Each structure stands twice: as C-alpha cells, then as structure tokens.
Amino acid sequence: MASSSSSSSAAFGRLSNISNHLCPTDSNPLVKVSAQVSDALSSGLPVVALESTIISHGMPYPQNLETAKEVEAIVRDNGAVPATIAILDGVPCIGLNLEQLERLARLGKNAQKTARRDIAYVVATKRNGATTVSATMFFAAMVGIPVFVTGGTGGVHRHGEHTMDISSDLTELGRTPVAVVSAGVKSILDIPRTLEYLETQGVCVAAYKTYEFPAFFTQTSGCKAPCRVDSPEECARLIDANRKLNLRNGILVTVPIPKEHAASGSLIESAIQQALAEARENNVTGNAETPFLLARVNEITGGASLASNIALVKNNAAIGAKISVSLAHLRSNKDLSLLGILLKLGVVFGYYAVNLIGDGEHRSNSHVHH
C-alpha cells in the first residue's frame, strides 16, 4: 500500500512538471502575470486572453471601460478566467486589475498602439502600450493561453496589392499557436485577398455555425470559409489537434455577429467608401488608418457601427470562453488518462522493485548463512 501511495505521489509530481512546462507562467522576468491568471494556468483552468487596443483606440472613455468590464464579466460568467493584456510603464501585464483597466481606458490614444514589431521598443522605453491582435497573441502564447478573443482581426487593406499594407495579425496567425475568436475581418479591408494570404500562411480558418466567412459588422462577406465548426467542443478538438500535430500556427475561428445586431450591409459599405476617400484625401496611412476609418464609419452611420462592434465583441467573448472551457475539459480528461498510465507504471515498477530488493536480500542472507 505504501508503495502504491509513493507511486501516486511521484506520478502527480511528474504531471505537475509537465503542466509547468506547458504553461510557463513565470518563464520571463520581463512579463507580469496576475495571480488569478497564473493560478488558473497552473491548475489547468480555462483562460481567455483579451486585447487592449479596443479599450484605448476602439471607443471613447468611459464607454471603453464599461465595455472592457462587461466583456471580462461575460468570460467569467461562461466559466473562464479573463486575461486582458497590455504594456504598462514598459511592463507587459497578463491580466489587468480594475485600476489598471481604468488607467488604460483613461489613457486612450495616448497609449501606443502596439503590434509585435513595437513590443521591444515600448518595453525598452517604459511606455504604455495597448496590444493589437499580433502582440496579444505573442504574449498569450508566451504564458500558455491557448484561446484569445477579439472583435475583428486585421487583414490585407484595399489596394494592398499596390501598397503592401498587410496587417501583422496575419503573419502572427501563421507562426503563433493561439486560437483567435473574432467576427472575421473588418469590411474596410480586402476580404478575398485576406483569405488568400491566410492560406499562404497555413492558417486554419473556421466559421462558427456557418459556411460563409463573416465580415465583422455583417454576417456575410460573399466569401466561403475553408472550414466549419458547430460547437465549442468541435473548436476545442480542432485546437487540440493543431497542438498535438505541432503545426506551430494559429487558428482563426470566425463568429458571425448576432443577427439582431448586424448593421445594414449597404449602409456600412456606403460609409466605408466615403471614409476610404477621406483617408486618401488626408493621407491617413499605416496603423492610423483603421482607427480613422472605424471612427468615420461610426460617425457616418450615426453610431450604429459602434453599437454593432460592442455587441459582436460580447458575443465573441461568450463563445470564446465556452471554447476555452471545452478545451480545458478535453485536456484534463487526457491528463487523467496519463495519470492512470503513470499510476499503473508506478505500481508495476514498485512491485518489481520490492521483489528485486526482497530477492536480493534473500540471496545476501543465504550467502551469509552459508
């Protein structure tokens, strides 16, 4: 019995070591992981990463703070731990408390919009950075968070074949193993070329309960999605297979905006065309273009696009949390199977060890006796 107990303890120890390797929450001294997120990761509980650019650049204060708090609450209500990611005073923070959320919300556009390319600079100069999809994915992967929820991802900009203006979100999806739950790409972008580029990057793109790739504000884009998933469990199996195959790239799970919140496609498209013309006239380019376009589209549509934006983010948060919970259950069941194997091996090895020791002692005593 003592041997079995000892074997169980050793097996649990080995599993703990495996877990620590899979979730290296304290592996980088430059990164600060909140206690709640760290505990959840160490315990194998579901965690959902959240970006911070939507807080700083997506909407005005205090609406941005209220939305951030509501999104975190939705993640919790659906069984997962939220981990909003941002860089504060040069320190990448994984999981923000209420005070940090409010600080970021008040900073607004004074916080630097931070993609992967900007991370080292923002850290080195001790600035405040709001992470985009690419930077949030980078930090999520660093600490072992497999699921990340956002509103929409970047893509290939219209006329991108001439300007080469392609979001780093797409290359990040091609090299960072995090599942991104979004409402597709914003319709201010070139959606067909974005899908082509994602294919080039080897990114699995799956639409949730539909065959069509969603276009952020609207449920349809006219483009067919390469894959379809119909439940959080299917998404979890997809993410798990991607990890076990060591494909080393992300997955884009696209969720159509709820029908009751979908803005009129023609209204949005008309506003986008007007905003694009104004951007060209004012020479607005680079990472300033998307915030400019979204703000103008919101003004032109009388606030309808912002209301749709908030609704789709909340919907994504609920579905992303459910996916994270399903993934945690899937992995915990496999961990239990591994534990069973380790326990059996421990008992078998313990049995043979006892017998070998006993046999050795018997031989030794026999030799002394003779």
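The values are calculated or read from the model by the stated rules, or taken from the named source; none is laboratory data. In this text the structure is predicted, and so the values were computed from the model without any measurement. For neighbour counting, all protein chains shown are included, and Cβ atoms are generated from backbone atoms with ideal geometry for every residue, glycine included.
Residues in the range 320-334 that are surrounded by fewer than 20 Cβ atoms within 10 Å (Cβ to Cβ) and either of a type in the set (Gly, Ala, Ser) or in contact with a strand residue (DSSP E or B) (Cβ under 8 Å, 6 or more places away or on another chain) (or both): SER332 only.
What is the residue count in the range 174-188 for residues that are touching a strand residue (DSSP E or B) at 6+ places or on another chain (Cβ under 6 Å) and either part of a strand (DSSP E or B) or closer than 18 Å to PHE213 by Cα (or both)?
Result for the range 174-188: 7.
Each row is one residue, and each column tells you yes or no for (1) buried (at least 23 other Cβ atoms within 10 Å of the Cβ); (2) assigned to a loop (DSSP other than H, G, I, E, B); (3) on the phi > 0 side of the Ramachandran plot.
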| site | (1), (2), (3) |
| --- | --- |
| PRO60 | no, yes, no |
| GLU70 | no, no, no |
| ALA86 | yes, no, no |
| ARG106 | no, no, no |
| ILE119 | no, no, no |
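Determine whether the range 228-236 contains at least one residue that is of a type in the set (Ser, Thr, Tyr), surrounded by fewer than 20 Cβ atoms within 10 Å (Cβ to Cβ) and out of contact with any strand residue (DSSP E or B) (no Cβ under 6 Å at 6 or more places or on another chain). Yes, some residue in the range 228-236 is of a type in the set (Ser, Thr, Tyr), surrounded by fewer than 20 Cβ atoms within 10 Å (Cβ to Cβ) and out of contact with any strand residue (DSSP E or B) (no Cβ under 6 Å at 6 or more places or on another chain).
Among residues of the range 184-212 that are under 11 Å from CYS223 (Cβ atoms) and without any contact (Cβ under 8 Å) to a residue 24 or more places away in the chain, none has a beta-carbon under 7 Å from a residue that is among the basic types (Lys, Arg) and surrounded by 23 or more Cβ atoms within 10 Å (Cβ to Cβ) at least six positions away or on a different chain.
Residues that are part of a helix (DSSP H, G or I), charged (D, E, K, R) and at pLDDT 95 or above: does the range 27-49 have at least one? Within the range 27-49 (the criterion being part of a helix (DSSP H, G or I), charged (D, E, K, R) and at pLDDT 95 or above), the answer is yes, since at least one residue qualifies. As a summary of the residue check, SER167 satisfies the conditions (1) at positive phi; (2) buried (at least 24 other Cβ atoms within 10 Å of the Cβ); (3) more than 16 Å from the chain's Cα centre (by Cα); (4) small (Gly, Ala, Ser) except for the one numbered (1). Among the residues in the range 295-314, are any at pLDDT below 85 and in contact with a strand residue (DSSP E or B) (Cβ under 6 Å, 6 or more places away or on another chain)? The answer is no, given that none of the residues of the range 295-314 is at pLDDT below 85 and in contact with a strand residue (DSSP E or B) (Cβ under 6 Å, 6 or more places away or on another chain).
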